[in-house]
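To start, the structure itself, in structure tokens.
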Amino acid sequence: MPSSTAVEASLPIQSEMDLAWVRQHVRQAAAQLGFGLVAQTKLVTAASELARNTLVHGGGGRMESAAVTRGQAHGLRLVFSDEGPGIADLDRALTDGYTSGGGLGMGLGGARRLVHEFAVDSTPGSGTKVTVVCWVTPPPRPYGGL
Amino acid sequence: MPEHQAAVSEGTSARQVAEFLYRHSERIAQRWADEPLFRSVFTVSRDEAVEAARAVAEALARVAESERVHDTDATGFVVVREQLARMAAARSRAGASMAQVSGEVEALRPPVASLLVEECADLPADEVREYATALTVLMGTLRLVVLDTALSEGQALIERQQLQLLEVATPVIRLWDGVVAVPLIGTLDSARSQVVMETLLEAIVEQHARFAILDITGVPTVDSLVAQHLMKTVAAARLMGAECVVSGIRPAIAQTIVHLGLDLGTVVTRASLADALAYALHELGVGIVAPASGGAGAR
């Protein structure tokens with residue numbers, strides 16, 4: 001598949017300029033995988049929030065993107081990793097309106113609502129890894145839980 | 001060839017090359033002036049090209065004299081660095097690629113090399129080879145210096161353009177008496193939104209504006225930071241007595257804002273710039289009326 005080379009990437013997140021690059025890449029990758037305009041916009045916005053967290057709270061890091069498939073469904077997985085101080089209280093960080101950086105406090109929780117799958121792996125003192133997945137086709141929705 | 005078989009040491013051959021370059025700088029300059037690199041940059045007069053070529057030849061001689069033929073940071077290059085940067089910039093403005101410029105610098109080597117061979121016709125062949133090698137290395141270093149200065153010029157240009165973009169991209173437009181609009185285009189980062197806020201607040205004072213329209217049709221992504229910047233701008237404008245209307249919210253952006261959980265309830269929003277203007281005019285008590293049916297047909 002020729003598109004996989006463009007979808008798969010590892011981008012640095014070290015400055016505001018890199019955020020623009022991340023957004024552009026996610027938009028192109030999502031368009032290539034067949035995401036609709038609304039889904040593209042949601043994914044790009046989520047990526048923008050998470051990349052900014054990586055930059056502001058994690059002191060910089062990387063974003064890796066890859067195409068994923070599960071059964072019939074295919075989608076885009078984005079992994080944001082940094083080696084910053086980590087998140088001490090994840091529940092609180094996910095609460096809308098809580099901020100440690102002077103923002104609106106909507107980034108992490110908002111990003112979770114914009115994607116289908118969302119996982120945070122954070123160890124205080126050694127960094128944070130946020131993994132999100134968005135499916136192009138309606139996601140295989142497990143009834144009764146999430 | 002292993003080092004111990006060399007007819008002369010590296011240092012000696014570098015100094016020999018230096019002496020050769022000094023001795024023949026005029027002849028070399030004359031030959032170089034006809035090469036594309038100098039000929040195409042110094043189009044006005046040949047003397048100018050010769051003079052520039054002589055400066056380069058003498059710089060190379062100084063570098064060779066200091067036995068630093070490998071070193072792009074050799075002090076000998078300092079005096080011609082600016083000139084080389086100007087030449088490379090002139091070539092790239094004329095449409096030459098980096099590779100072409102590099103090739104043109106490489107083209108300076110054969111004329112000098114043939115001169116060297118002529119000059120050393122009486123010397124043993126392996127000695128001549130040593131000198132030729134030193135000269136080749138030196139010319140290779142010159143090529144690197146040219147590319148290096150050209151690249152750093154490009155970097156400086158990009159930085160200047162970024163600053164320009166910041167200024168250009170935020171015009172404030174007067175739409176009506178008391179109504180100004182800012183069409184926002186591209187990424188709304190902290191630096192941009194600071195400029196937007198400043199220019200908008202100044203325009204509000206200058207134009208005695210009661211309504212300010214922020215049109216975000218050209219903003220591809222509205223995340224929480226962009227929303228925060230918008231709300232800060234709206235709040236600041238309100239303090240100055242102007243009401244802000246945010247327009248140009250596309251359907252995909254609207255849905256994203258809702259999912260993100262952002263509350264823009266305190267901000268007046270409209271779908272398009274035209275709607276926002278209509279709202280502002282209505283609030284100002286100004287109406288736009290279609291011409292009476294009799295007047296429209298009259299010629």
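The values are calculated or read from the model by the stated rules, or taken from the named source; none is laboratory data. Note that the structure is predicted; figures quoted are calculated from it, not measured. Note that each Cβ is placed from the backbone with ideal geometry, even for glycine, and that neighbours are counted across all protein chains shown.
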Response to the item:
Restricting attention to segment B:267-299, the residues that are modelled with pLDDT under 85 and not in a helix (DSSP H, G or I) number exactly 8
Item to complete: Taking only segment A:19-48 into account, find how many residues are within 20 Å of B:PRO251 (Cα to Cα), touching a residue at least 24 places away in the same chain (Cβ under 8 Å) and within 14 Å of chain B (Cβ to nearest Cβ).
Response: 11
Item to complete: Give just the number: which of (1) under 17 Å from B:VAL56 (Cβ atoms); (2) over 30 Å from the mean Cα position of the chain (by Cα); (3) basic (Lys, Arg) does B:ARG143 not satisfy?
Response: (2)
Worksheet item: Of the residues B:LEU262, B:LEU281, B:LEU273, which is over 38 Å from the mean Cα position of the chain (by Cα) and either in contact (Cβ under 8 Å) with a residue 40 or more places away in the chain or crowded, with 19+ Cβ neighbours inside 10 Å (or both)?
Response: B:LEU281
Discussion item. With the structure loaded, tell me whether B:GLU67 is closer than 23 Å to B:ARG93 by Cα, among the acidic types (Asp, Glu) and out of contact with any Ser or Thr (no Cβ under 6 Å at 6 or more places or on another chain) or whether it fails that test.
Written reply: no
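When you go through B:LEU165, B:LEU175, B:LEU147, B:LEU188 one by one, which is the residue that is away from chain A (no Cβ under 14 Å) and modelled with pLDDT under 90?
Only one candidate passes the filter, namely B:LEU147.
Residues are listed down the side, and each one gets a yes or a no for (1) under 16 Å from B:GLU153 (Cβ atoms); (2) buried (at least 16 other Cβ atoms within 10 Å of the Cβ):
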{"residue": "B:GLU26", "(1), (2)": "no, no"}
{"residue": "B:ALA57", "(1), (2)": "no, yes"}
{"residue": "B:ALA88", "(1), (2)": "yes, yes"}
{"residue": "B:PRO110", "(1), (2)": "no, no"}
Worksheet item: Across segment B:243-259, what is the total count of residues that are more than 24 Å from A:ALA46 (Cα to Cα) and within 38 Å of the chain's Cα centre (by Cα)?
Response: 2
Fill in: Top-ranked residue in segment B:234-253 [being closer than 24 Å to A:LEU50 by Cα and in contact with a strand residue (DSSP E or B) (Cβ under 9 Å, 6 or more places away or on another chain); ranked as nearest to the other protein chains (Cβ to nearest Cβ)]
B:ILE253
Worksheet item: In this structure, does B:VAL137 turn out to be among the β-branched types (Val, Ile, Thr), at pLDDT 85 or above and in contact with a helix residue (DSSP H, G or I) (Cβ under 8 Å, 6 or more places away or on another chain)?
Response: no
Discussion item. Among the listed residues B:ALA278, B:ALA271, identify the single one that is away from chain A (no Cβ under 13 Å), more than 28 Å from A:ARG113 (Cα to Cα) and among the aliphatic types (A, V, I, L, M).
Written reply: B:ALA278
Discussion item. Quick check on segment B:291-299. Is at least one of its residues in contact with a Pro (Cβ under 8 Å, 6 or more places away or on another chain) and either more than 22 Å from B:VAL205 (Cβ to Cβ) or within 14 Å of another protein chain (Cβ to nearest Cβ) (or both)?
Written reply: no
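Please count how many residues of segment A:10-30 are in a helix (DSSP H, G or I) and β-branched (Val, Ile, Thr).
2
When you check B:ILE216 against the structure, is it within 16 Å of A:GLU49 (Cβ to Cβ), within 14 Å of chain A (Cβ to nearest Cβ) and modelled with pLDDT of 90 or more, yes or no?
no
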Practice prompt. Restrict the check to segment B:137-151 and report whether at least one residue is in a helix (DSSP H, G or I), among the hydroxyl-bearing types (Ser, Thr, Tyr) and surrounded by fewer than 17 Cβ atoms within 10 Å (Cβ to Cβ).
Written response: no
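Just to confirm my filter: which strands (runs of 3 or more DSSP E) fall fully inside segment B:170-229 and include at least 1 residues that are crowded, with 22+ Cβ neighbours inside 10 Å?
Passing ranges, in order: B:179-185, B:211-218.
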Fill in: Some residue of segment A:104-117 being more than 13 Å from every other protein chain (Cβ to nearest Cβ), at pLDDT 90 or above and buried (at least 19 other Cβ atoms within 10 Å of the Cβ)
no
